[in-house]
Amino acid sequence: MKPEDALLAARAAAAERGDELPAGLCIEPTERVSIAQFVEWAAIEPDPASMRSTRRLGAPITFFKRQLLHVLRQYLRELEAQQTRFNLNVVARLAELEERVDSLEQRAGEREQR
Amino acid sequence: MKVHQVLSGAGRYDAVTMQALAFRGLFSAWGWGGRDVAANIDPRVAAEIAPISSLTPAADDLLLIHYSGYAPRLRSVLELPNRKLLISHNITPARWFWDHDPMAAVSCALGRKQLPEFAAAVDVAAGVSLFNARELGSEIVIPILFDPAQAGAPGPPDPPGPPTILFVGRIAPHKRQDAVIRAFELYRRAHAPDARLVLVGRSVNDTFEVAIRGLADELSPGAVTIEYGLTAEQLAARYRGAHAFLCMSEHEGFCIPLLEAFHFGVPVIARSVGGLPEVAGDAALLLGEDDDERVAAELLALVVGDSELRAELRERGARRVEAYAPEPTVRRLRAALEELNQPIGASQSTG
């Protein structure tokens with residue numbers, strides 16, 4: 001078979017077979033981040049497990065880094081709390097503005113119809 | 001002449017870093033000096049790449065900016081009075097990362113916003129493919145330097161062992177390893193129960209790797225291998241043992257693994273996206289916009305089972321590798337930098 005004929009042949013074979021696509025994780029792009037998603041991200045929760053060394057034989061460095069996190073936990077919690085407070089307030093304000101724009105657009109639309 | 005290379009980020013397995021280091025080798029061979037700096041540096045390449053803050057070029061030094069992502073400190077480079085060449089390696093649209101790696105999404109969003117501003121501020125803007133260059137309103141292409149001589153010998157036309165499908169690329173949302181696994185599973189069920197899938201690439205993060213491994217274990221238990229950190233010899237062995245290369249990526253600026261597959265004689269099936277059709281030419285089986293994993297699975301069956309098709313694709317692939325031979329790329333790079341080094345009036349007169 002010539003490469004130019006392969007795609008048509010494959011399409012025909014796939015149509016004839018009529019298989020269902022296997023279920024499970026299917027990655028799709030996020031065209032617009034929803035307010036609900038913003039809220040979820042706003043409350044920050046860094047995973048301490050992601051703190052690790054990328055060096056060869058980095059296990060002792062990973063251990064040291066995690067100990068450091070542990071020692072600094074009071075300060076880091078305060079940092080997280082302050083950042084989350086700011087994030088959530090911004091998201092709440094964004095949600096209010098979105099609602100207000102929607103409502104104004106709706107009223108403008110109604111006025112035009114009259 | 002001195003050429004300093006500026007990278008957004010530098011990593012051990014990063015194609016842009018490898019490209020910059022290859023360019024540095026050429027510059028040294030031509031007797032040119034300069035240093036390579038990056039905004040974000042993986043400690044494993046810290047011996048070769050210096051922090052961007054250490055860049056102190058003389059007035060007549062050239063700057064070669066490899067732009068592949070947002071970095072806050074890069075902006076300071078634009079303010080330097082030196083002449084600049086920017087090569088865009090493309091940035092993935094943020095929409096692929098919001099759900100899986102928000103920080104990468106932020107970086108992509110800012111990077112794509114920053115890129116046109118950078119392109120407007122440099123003396124010459126180029127892309128590693130025409131697709132990338134045109135995003136900047138340029139027609140100048142300096143492709144990725146791919147040296148087949150360093151890759152090793154091609155593989156046999158029909159590798160021994162069970163049908164083996166390969167994909168090489170970072171495990172990232174836009175690379176769509178989930179679709180590769182699904183297409184492979186459909187192929188395995190219908191045509192080759194003993195088939196194997198090899199995915200080579202490091203994941204963007206641990207959570208995403210767990211998700212991809214989970215899908216592989218759920219759909220094709222024991223048939224999928226995920227590897228990273230391979231040596232050049234190990235990677236060559238994976239290509240030589242593969243019967244087909246399946247790329248379901250949704251965004252590619254260039255796609256070096258495509259050239260690697262062509263070089264090793266592995267038939268390629270890929271989505272027709274970004275710079276990929278330009279690199280593939282007529283040597284790959286390109287899926288249409290509406291073709292899903294079912295069509296990809298049937299293409300896998302064709303390329304693995306049809307020796308005439310395999311031989312033709314292998315031959316065409318070898319021609320694509322010739323089209324991307326290093327010598328013309330090296331000449332283009334040198335000409336672009338030498339022209340940039342001309343006094344302003346002279347460079348305009350040479351056109």
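General remarks:
- Shielding by partners, peptide A:14-21 (average Cβ within 10 angstrom, other chains): 5
- Dipole magnitude for segment B:145-186: about 220 debye, using +1 per Lys or Arg Cβ and -1 per Asp or Glu Cβ, origin at the Cα centre.
- Fraction of the pair-distance distribution of the protein assembly as shown above 43 Å, Cα-Cα pairs, percent: 22 percent
- Phi angles of segment B:300-317 translate, via the Karplus equation with coefficients 6.51, -1.76, 1.60 and θ = phi - 60°, into HN-Hα couplings of 4, 4, 5, 5, 6, x, 9, 5, 5, 5, 4, 5, 5, 5, 4, 5, 5, x Hz per residue; Gly and Pro are given as x.
- Kirkwood-type radius of chain B, with distances r between different C-alpha atoms, in Å: 21.1 Å
- Going from the fewest other Cβ atoms within 10 Å to the most, the residues B:Asp42, B:Asp14, B:Asp290, B:Asp194 appear in the order B:Asp290, B:Asp194, B:Asp42, B:Asp14.
- Distance between segment B:162-231 and segment B:103-123 - C-alpha centres, whole angstrom: 31 Å
- Residue range of chain A that is longest and free of GluC sites (Glu not before Pro) which are both DSSP loop and sparsely packed (at most 15 other C-beta within 10 Å): A:32-114
- Potential lengthening between B:Arg331 and B:Thr231 on full extension [0.36 nm per residue; Cα-Cα distance subtracted]: 33.1 nm
- Across segment B:92-211, the mean sequence separation of Cα contacts (distance under 8 Å, 6 or more residues apart), normalised by length, yields a relative contact order of 21 percent.
- Residue-wise HN-Hα coupling along segment B:285-297, computed from phi with Karplus coefficients 6.51, -1.76, 1.60 (Hz; x: Gly, Pro): 8, 9, 6, x, 4, 8, 7, 9, 4, 5, 5, 4, 5
- Residue-by-residue Karplus 3J(HN,Hα) for segment B:228-243, coefficients 6.51, -1.76, 1.60, Hz, glycine and proline x: 8, x, 6, 6, 4, 5, 5, 5, 4, 5, 5, 5, 5, x, 8, 9
- Footprinting exposure proxy ranking of B:Ile165, B:Ile171, fewest other C-beta atoms within 10 angstrom first, gives B:Ile171, B:Ile165.
- A:Arg73/A:Arg32 FRET efficiency (R0 25 Å; Cβ-Cβ; nearest 0.05): 0.10
- Most mobile of B:Ala296, B:Ala211, B:Ala261 in a GNM of chain B (Cα contacts under 10 Å): B:Ala211
- Calculated over segment A:32-113: convex hull of Cα atoms, volume per residue (Å³): 93 Å³
- With contributions of -39500 (n - 2.57) from each DSSP H run of at least four residues, the per-residue ellipticity at 222 nm computed over the protein assembly as shown stands at -15500 deg cm²/dmol.
- Each Cα pair under 8 Å and six or more residues apart adds its separation to the average, and for segment B:177-324 the resulting relative contact order is 24 percent.
Only the coordinates and a few stated rules stand behind these numbers; no lab work does. Predicted model only: the values in this text are computed from it and were never measured. We place every Cβ from the backbone using ideal geometry, glycine too, and count neighbours over all the protein chains shown.
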